[in-house]
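Below you'll find the structure I mean.
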Amino acid sequence: MRRAATMVPLLLLAACGDEEAGEQERASKIAADVAKVEAAQNAKPPLQPIALEPITRQDIEANNFYGAGCSFGVTAAEDPLVIAQSGRAVIKVKAELQVLYADIGGAKLAMGAWQHYTGKDNTLTVRRTDAGNGPAATEGRAQYPALLTIFDAWGREVLRQNGPILCKDV
């Protein structure tokens with residue numbers, strides 16, 4: 001009987017040790033699961049380069065994209081790839097117009113346009129490549145060589161293109 005009396009506390013003590021080990025094992029498993037979920041949530045999708053489509057006269061008329069600003073990728077009679085104005089810029093990707101909003105804390109281009117715009121899916125930057133040494137705007141019109149860069153929502157470059165930028169009142 002005495003032997004049984006000493007065995008019961010030992011068995012209870014052993015059970016506590018198993019319970020603590022089980023809790024530690026569960027906590028480790030939960031931590032590993034949380035790490036997997038966080039890794040999946042923070043994973044960036046594959047890089048998807050984009051191709052801009054020309055913004056047509058019909059697009060401009062239907063969406064009232066009139067006013068002072070700059071158009072990238074045009075000389076005189078071509079449809080632009082980007083329309084940059086004082087408050088917004090517009091690009092066309094997969095037949096859909098995307099509106100991006102001006103970063104008014106950044107540098108300016110001519111005719112009230114800005115160098116940097118931010119949207120839901122992309123950000124874009126238009127920089128003059130003549131180091132500001134090109135001709136000044138005359139009679140409400142200026143044309144400069146420029147570099148257009150577009151980044152995805154994760155800050156990765158998805159388009160880089162040189163071309164002319166024409167600034168005027170449309």
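The values are calculated or read from the model by the stated rules, or taken from the named source; none is laboratory data. Remember, predicted model here, so these are calculated numbers, not experimental data. Positions of Cβ are generated from backbone atoms using ideal geometry, with glycine treated the same way; all protein chains shown enter the neighbour counts. Only protein heavy atoms, including side chains, enter the accessible area calculation; ligands, DNA and RNA are left aside. Shrake-Rupley method; radii C 1.70, N 1.55, O 1.52, S 1.80 Å.
For region 148-166, give me each residue that is under 18 Å from ARG88 (Cα atoms) and at pLDDT 95 or above.
The answer is LEU148, THR149, ILE150, PHE151, ASP152.
Let me ask you something else. Scan region 87-109 residue by residue and report those that are out of contact with any helix residue (DSSP H, G or I) (no Cβ under 8 Å at 6 or more places or on another chain), open to solvent by less than 40 Å² (accessible area, probe 1.4 Å) and in a strand (DSSP E or B).
Residues satisfying the conditions are ALA89, ILE91, VAL93, LEU100, ALA102.
Could you run through region 73-86 and say how many residues are under 17 Å from THR125 (Cα atoms) and either assigned to a strand (DSSP E or B) or not β-branched (Val, Ile, Thr) (or both)?
Number satisfying all stated conditions: 8.
Please list, ordered by first then second residue, the pairs with beta carbon atoms under 9 Å, 6 or more apart or interchain, first in region 157-170 and under 13 Å from VAL126 (Cα atoms) and part of a strand (DSSP E or B), second open to solvent by 20 Å² or more (accessible area, probe 1.4 Å) and basic (Lys, Arg).
Pairs that qualify, where the first residue is under 13 Å from VAL126 (Cα atoms) and part of a strand (DSSP E or B) and the partner is open to solvent by 20 Å² or more (accessible area, probe 1.4 Å) and basic (Lys, Arg), are ILE165/ARG128; LEU166/ARG141; CYS167/ARG141.
If you check every pair at least six apart or on different chains, which have Cβ atoms under 9 Å apart with a residue in region 20-47 that is within 15 Å of TRP154 (Cβ to Cβ) first and a residue that is in a loop (DSSP other than H, G, I, E, B) and open to solvent by 80 Å² or more (accessible area, probe 1.4 Å) second?
LYS44/TRP154; PRO45/TRP154; LEU47/TRP154
Same structure, new question: Quickly run through region 65-84 and pick out the residues that are crowded, with 16+ Cβ neighbours inside 10 Å and within 18 Å of GLY163 (Cβ to Cβ).
GLY69, CYS70, SER71, PHE72, GLY73, VAL74, ASP79, PRO80, LEU81, VAL82, ILE83, ALA84
Where residues in region 48-64 are in contact (Cβ under 8 Å) with a residue 24 or more places away in the chain and part of a loop (DSSP other than H, G, I, E, B), which of them is surrounded by the most Cβ atoms within 10 Å (Cβ to Cβ)?
ILE55
Condition first: within 30 Å of GLN98 (Cβ to Cβ) and at pLDDT 90 or above. Now tell me which residues in region 10-47 satisfy that.
PRO46, LEU47
Suppose we filter region 95-130 for residues that are of a type in the set (Ser, Thr, Tyr), closer than 12 Å to ALA84 by Cβ and modelled with pLDDT under 95; how many remain?
0
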